[in-house]
Amino acid sequence: MKKCKSKIPFFATLGIMLLFYLPMLVVALDSFNPGRYSGSGWNGFSMRWYVKLVQDQDVISALMNSLIIGLSATATAVVLGTLAAFAIHLYTDRVQKVHRLMIITQLGIPDILMGISLLLFFISLKLELGLFTIFLAHVTFCTSFVAMTVLARLQDFDFSTVEAARDLGAGWAIIIRRVIIPQIAPGIIAGALLAFTISIDDFVITYFVYGPGSTTLSVYIYSMMKHGTPVIINALSVILIIVTFIMAYAINKLMSRKNENIV
Amino acid sequence: MKKLSKAVNEMIISAPSLLWLTVFFLIPSVSVLLISMHPADQYGNIMSGFTADNFRRLLEPVYMKIIWRTLWVSAVSTIICVVLAIPVAYYMIACKESLKKCLLILIIVPFWTNFLIRVFAWKAVLNPEGPLRHWLIQLHIISPDTLLLYNPYVVLLVIVYTYLPFAILPIFAAADKFDFSLMEAAYDLGATRTKAFFKIFLPGISSGITAGTLMVFIPALGSYVIPEMVGGTSCDMVGNLIAERVLVGRNIPEASAWASVLLLVILGLLGLRLTVIIINNFRLKPWNNEKV
Amino acid sequence: MKILFKLLKMSLCLSLLLTVSCSAQKKTLYLYNWADYLSPQLVKDFEEKNNCRVVISYFDSNESMYAKMKAGAQGYDLIFPTSYIAAVMAKQNMLMPLDKSKIPNVKYMMPDILEKLEDSKMEYSVPYAVTFSGIGYNNEVVTDFKPSWGMFGSKKYAGRMTMLNDVRQTFGAALKYLGYSFNSTNDKEVEAARNLLMEWKKNLASFTVDDAKLGIASKDFMVIQGYNGDILQIGKEKKYVSFSVPEEGTALAVDLMVIPASAKNPELAHEFINYMQDPEVCAQNMVFINYLMPNTAAAKLIPQELKDNPSFMMKPEVFQKSEVLRDLGDYNQTYIKYWNLIKAK
């Protein structure tokens, strides 16, 4: 393979890694600092904020809401997205071109536009804002992510295996279960994990369509930043970062099983 | 008969997602456009009747400043992201497989960490009473009066920080597929490293660069949380306007007008990219044939 | 495909189960309130007494609360708006009329506060607390403090000051400094206030309500525009934070308890209103939030030092110069237009 002769790329990468992780390091350090406000200096190592975090009823209920929505939205998005990926991959007529366009456009739209359009839509339908509206919103953007991930996997899918199974007399049910799914399973699972992570993380869209009692983790973090003990967020951040590391590792493993293609 | 069942099959498979996206994406987007054409009363009700007032109001000089700020902050942060992403991608593809995967995870993790937390982390680092600012003052890099937060440059920094992975990943993906023998060929023909870099490598990964540019520029245009959290009083961008009009200012039609304009700009950009891809496909085809 | 459907069914069942089980539990009262404005201990006591759960959501300005309600947020049972916006909400039929038979404790309401309000007969609201805005400052650093709204014009603390994220409060401060009325509807006066605010804005870090509280406690900010009780609360913990009412006068606001028309638990909401007006509970709450609650019986039960604190109960001279915040009807549009201008620049 080629060798890097200039030192610039190396330093650029190093610099960027530092840039990425410096704030997180500060947050991690702060999470063990028992002082209540950021400017009070180092007061010694303490797990105080982690303890407070698990005791906080509001955090627990926000986490529950995020999980409920994450799981249900991901499940629905997996079904819709996988079907969409198949449709786009198998058929190439105009309908599918439009279909693909819709998915790509949906991915490209900034959150705030999604948020306001869904809010206005729900208002005009007189739908009560709450867990259900958040669910609807999340499925919408998660589907696109799943579709693109599975689509990427489908590009490398070998249809001759399906032909072979057909020749051997297998019915569609068996073909789907035993031939297609196992081969694209990594893509589906990766898409599901991706969708779940995006759903848990989402703030702007959720902030527009949530209602009383349906606060999710992100919305709660935002309101904590504005009115509560923001220091607890440090502890929460550290936990979330660790979970993210695990997710990223898992997805990477799954996606690079067949080829060296990542993401 | 076979053709009919094929069409039916296609419908069954594509219907769920197509329907969902139509109902929850297409229709709401259209309703934003529609609502922007209605007037609002001072109590926040959307009235009937059509008016172009909301759009006319967007052209007021005061808003020009916000539009300009949105454009330059998004453009500059995009340029910085792309310029930083290219050497990083270059370094990564030259690495061993294991290191490459490791670096990829290291880049993806911040990308997937809760976005609010990342903004919050920067607030912690740049805190007026924090160590960083004290050091910078002691080293005489900044005067004791400057605050690190609440100005447009911090907004720029945090936007770059937030969207840099969006630039790195597509550029890396394109660089990964790039055929380095072309570079070798160029060196053999006597080109300097710099010349080969600019004339062969960059055009070769142009699809990645375009993707990365769009993936930073478009979300940056719509950013609202970042200017709100670290921007202070004079850094409002279009996203803030939309959020404020909807969540505070009781003027949903005006918010929709802003949203419609933003939407059209973004659709325009995406459409442009599509055209570029189509043109590129035409250009590459004869070129590939030559190579074979 | 089958597996996918199985997964889907499972997840949907799971989520349905969870939501159903959650709601099958005790009744829940949803409050929509300002932050740090209700004693958590009293909330817990209420939950125990009535075997229910209380969930509180927060807003930081009347405008954002109103916008959220207008946008169709249903499910709140009790809201704590300021009187002038409650009047607007009542006109828009967003509120439920109160059933006086369920709230006997309102007999303790202070009549002289009641008569200043639009809803003096308590048809849709019950007064909760009296608030007034002023200046919070760091008494160690800001040694040259003057009790005047003009502090926001001082370049010395540029970037370390904030004002409230509220169009009426910010304009009011500027109007008062120029010698005009907080409720001015005079074009010239309001324009002058706007220009003054533009000048002051150059010295501000941001327009914020809750961030300011955190900021002054953490020494990020030196001078903030804030509400009296909020800053008193902080001052109890952090001795370097003081509150002062500017000598030009300020605005008095009365926050009310109202039940939105879309409330799911109006009986429980009435219960809560009655609970808050119980003299003992009321007094305990006052000590926590540091705001005056206009309950005659409770006023007798609060410690004397609190009663004597000018940041709690306004001194008569300042009271003379201050006004009650009123809704300005159509003129609101002008204020909002100028406010947008200021926030845009």
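Per-residue answers, yes or no, for (1) exposed (fewer than 14 other Cβ atoms within 10 Å of the Cβ); (2) within 14 Å of chain A (Cβ to nearest Cβ):
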residue: B:Phe25; (1), (2): no, yes
residue: B:Asp53; (1), (2): no, no
residue: B:Glu60; (1), (2): yes, no
residue: B:Trp68; (1), (2): yes, no
residue: B:Val76; (1), (2): no, no
residue: B:Val82; (1), (2): no, yes
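Scanning the stretch A:198-212 turns up at least one residue that is within 14 Å of chain C (Cβ to nearest Cβ), of a type in the set (A, V, I, L, M, F, W, C) and either farther than 30 Å from C:Ser262 by Cα or in contact (Cβ under 8 Å) with a residue 60 or more places away in the chain (or both). Restricted to the stretch C:25-39, and to residues there that are more than 11 Å from chain A (Cβ to nearest Cβ) and either over 20 Å from the mean Cα position of the chain (by Cα) or among the hydroxyl-bearing types (Ser, Thr, Tyr) (or both), the residue that is surrounded by the fewest Cβ atoms within 10 Å (Cβ to Cβ) is C:Gln25. Among the residues making up the stretch C:56-70, those that are under 13 Å from the mean Cα position of the chain (by Cα) and outside any strand (DSSP E or B) are C:Phe59, C:Asp60, C:Ser61, C:Asn62, C:Glu63, C:Ser64, C:Met65, C:Tyr66. Restricted to the stretch C:153-180, and to residues there that are among the basic types (Lys, Arg) and under 25 Å from the mean Cα position of the chain (by Cα), the residue that is surrounded by the most Cβ atoms within 10 Å (Cβ to Cβ) is C:Arg168.
Checked against (1) under 30 Å from A:Thr216 (Cβ atoms); (2) assigned to a loop (DSSP other than H, G, I, E, B), C:Lys116 passes all but condition (1).
Can you say whether B:Lys177 is more than 20 Å from C:Lys219 (Cα to Cα) and within 29 Å of the chain's Cα centre (by Cα), as far as the supplied structure shows? Considered against the rule, which asks whether it is more than 20 Å from C:Lys219 (Cα to Cα) and within 29 Å of the chain's Cα centre (by Cα), B:Lys177 comes out as yes. Taking C:Leu42 as the residue in question, decide whether it is part of a loop (DSSP other than H, G, I, E, B), more than 11 Å from chain A (Cβ to nearest Cβ), touching a helix residue (DSSP H, G or I) at 6+ places or on another chain (Cβ under 9 Å) and farther than 23 Å from A:Leu127 by Cβ. No, not satisfied. Considering the stretch A:109-123, the residues that are without any contact (Cβ under 8 Å) to a residue 24 or more places away in the chain and within 19 Å of B:Pro253 (Cβ to Cβ) include one that is surrounded by the fewest Cβ atoms within 10 Å (Cβ to Cβ), namely A:Ile123. For the stretch C:170-196, enumerate the residues that are under 19 Å from C:Met151 (Cβ atoms) and assigned to a loop (DSSP other than H, G, I, E, B). C:Leu178, C:Gly179, C:Tyr180, C:Phe182 - these are the residues of the stretch C:170-196 that are under 19 Å from C:Met151 (Cβ atoms) and assigned to a loop (DSSP other than H, G, I, E, B).
Picking from residues in the stretch B:84-111 that are within 18 Å of A:Val26 (Cα to Cα) and at pLDDT below 80, the one that is surrounded by the most Cβ atoms within 10 Å (Cβ to Cβ) is B:Pro110. Could you tell me whether the stretch A:167-176 includes any residue that is among the hydrophobic types (A, V, I, L, M, F, W, C), outside any helix (DSSP H, G or I) and facing another protein chain (nearest Cβ under 8 Å)? No, there is no match, as no residue in the stretch A:167-176 is among the hydrophobic types (A, V, I, L, M, F, W, C), outside any helix (DSSP H, G or I) and facing another protein chain (nearest Cβ under 8 Å).
Per the conditions (1) free of Cβ contacts under 8 Å to residues at least 24 places away in the same chain; (2) under 23 Å from B:Thr213 (Cβ atoms); (3) of a type outside the set (Asp, Glu), the sole criterion not satisfied by B:Ile142 is (2).
Against the conditions (1) touching a helix residue (DSSP H, G or I) at 6+ places or on another chain (Cβ under 7 Å); (2) under 23 Å from C:Tyr335 (Cα atoms), B:Tyr90 satisfies every one except (2).
Considering the stretch B:219-250, the residues that are among the polar types (S, T, N, Q) and modelled with pLDDT of 80 or more include one that is farthest from C:Phe207 (Cα to Cα), namely B:Ser223.
Only one of the numbered conditions (1) more than 9 Å from chain B (Cβ to nearest Cβ); (2) modelled with pLDDT of 85 or more; (3) closer than 26 Å to A:Ser218 by Cβ is violated by A:Val79, and that is (1). For the stretch A:124-138, name all the residues that are surrounded by fewer than 24 Cβ atoms within 10 Å (Cβ to Cβ) and within 8 Å of chain B (Cβ to nearest Cβ). Passing the criteria: A:Ser124, A:Leu136.
Of all residues in the stretch A:90-100, those that are in a helix (DSSP H, G or I) and more than 8 Å from chain B (Cβ to nearest Cβ) total 4. Listed by position, the helices (runs of 4 or more DSSP H) contained in the stretch B:122-239 that have at least 3 residues being surrounded by fewer than 19 Cβ atoms within 10 Å (Cβ to Cβ) are B:131-138, B:152-177, B:181-188, B:193-196.
Can you spot a residue in the stretch C:133-146 that is polar (S, T, N, Q), farther than 25 Å from B:Asn151 by Cβ and assigned to a strand (DSSP E or B)?
Yes, that holds for at least one residue.
Would you confirm whether or not the stretch A:221-231 contains a residue that is away from chain C (no Cβ under 12 Å) and either surrounded by fewer than 24 Cβ atoms within 10 Å (Cβ to Cβ) or touching a Cys at 6+ places or on another chain (Cβ under 9 Å) (or both)? No: zero hits.
Quick check on C:Leu306: is it under 30 Å from B:Thr233 (Cα atoms) and touching a helix residue (DSSP H, G or I) at 6+ places or on another chain (Cβ under 7 Å)? Considered against the rule, which asks whether it is under 30 Å from B:Thr233 (Cα atoms) and touching a helix residue (DSSP H, G or I) at 6+ places or on another chain (Cβ under 7 Å), C:Leu306 comes out as no.
Here is a yes/no grid of residues against (1) crowded, with 20+ Cβ neighbours inside 10 Å; (2) modelled with pLDDT under 85; (3) more than 8 Å from every other protein chain (Cβ to nearest Cβ); (4) in contact with a helix residue (DSSP H, G or I) (Cβ under 6 Å, 6 or more places away or on another chain):
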position: A:Lys3; (1), (2), (3), (4): no, yes, no, no
position: A:Ser6; (1), (2), (3), (4): no, yes, no, no
position: A:Val26; (1), (2), (3), (4): yes, yes, no, yes
position: A:Pro34; (1), (2), (3), (4): no, yes, yes, yes
position: A:Gly39; (1), (2), (3), (4): no, yes, no, no
position: A:Ser46; (1), (2), (3), (4): no, yes, yes, no
position: A:Ser66; (1), (2), (3), (4): yes, no, yes, yes
position: A:Ala73; (1), (2), (3), (4): yes, no, yes, yes
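Filtered by the rule that a residue be facing chain A (nearest Cβ under 8 Å), part of a helix (DSSP H, G or I), out of contact with any Lys or Arg (no Cβ under 7 Å at 6 or more places or on another chain) and closer than 15 Å to A:Ile241 by Cα, the stretch B:84-121 gives B:Ile105, B:Leu106, B:Ile107, B:Ile108, B:Val109, B:Trp112, B:Phe115, B:Leu116, B:Ile117, B:Arg118, B:Phe120, B:Ala121.
Residue check: is B:Ala243 in a helix (DSSP H, G or I), facing chain A (nearest Cβ under 10 Å), surrounded by fewer than 21 Cβ atoms within 10 Å (Cβ to Cβ) and within 22 Å of the chain's Cα centre (by Cα)?
Numbers: in a helix (DSSP H, G or I): yes; facing chain A (nearest Cβ under 10 Å): yes; surrounded by fewer than 21 Cβ atoms within 10 Å (Cβ to Cβ): no; within 22 Å of the chain's Cα centre (by Cα): yes.
Against the criterion (in a helix (DSSP H, G or I), facing chain A (nearest Cβ under 10 Å), surrounded by fewer than 21 Cβ atoms within 10 Å (Cβ to Cβ) and within 22 Å of the chain's Cα centre (by Cα)), B:Ala243 does not qualify.
The values are calculated or read from the model by the stated rules, or taken from the named source; none is laboratory data. This is a predicted model, so every value here is computed, not measured. Positions of Cβ are backbone-derived with ideal geometry, glycine not excepted, and every protein chain shown enters the neighbour counts.
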